[in-house]
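Worksheet for the structure shown next.
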Amino acid sequence: MSAPHRAVTPPRAGADVLRMMLQTTAHAAAQSRAHGATAALWHAVELHRPVAELDEACELTLCGSLARVDRSQDWPRTGADVCPVCAVLAR
Ligand SMILES: [Zn+2]
């Protein structure tokens, strides 16, 4: 009997699924401008860099609108002036 043949090239390692599943997403609070009868709302912006690197410019929010990041505010926010779409998507 002979030992089973092994591949010359080692098999490629799969994706590191465990690390990807443990990754959490941080969000920053951003306030949109009031439009007509619509009040200014607080939205969530997904952070891809440290908050300190944000220059409080307008960023794309989770719901797809543009809002200005306010580093003095934390997400999640409570109250009636929170975007309901961002509140759900940022859970
Ligand atoms: Zn929103």
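The values are calculated or read from the model by the stated rules, or taken from the named source; none is laboratory data. Everything numeric here is computed off the predicted structure, so don't read it as measured data. Every residue, glycine as well, gets a Cβ built from its backbone with ideal geometry; the counts of neighbours run over all protein chains shown.
List of remarks:
- Elements of type strands (runs of 3 or more DSSP E) contained in the stretch 25-91, each with 1 or more residues being within 12 Å of the chain's Cα centre (by Cα): 27-31, 42-46, 58-60
- Where Val69 falls short, out of the listed (1) modelled with pLDDT under 95; (2) out of contact with any Leu (no Cβ under 8 Å at 6 or more places or on another chain): (2)
- For the stretch 60-74, filtered to residues that are in contact (Cβ under 8 Å) with a residue 12 or more places away in the chain and either away from the ligand (no atom under 11 Å from the Cβ) or polar (S, T, N, Q) (or both), the residue that is surrounded by the most Cβ atoms within 10 Å (Cβ to Cβ) is Thr61.
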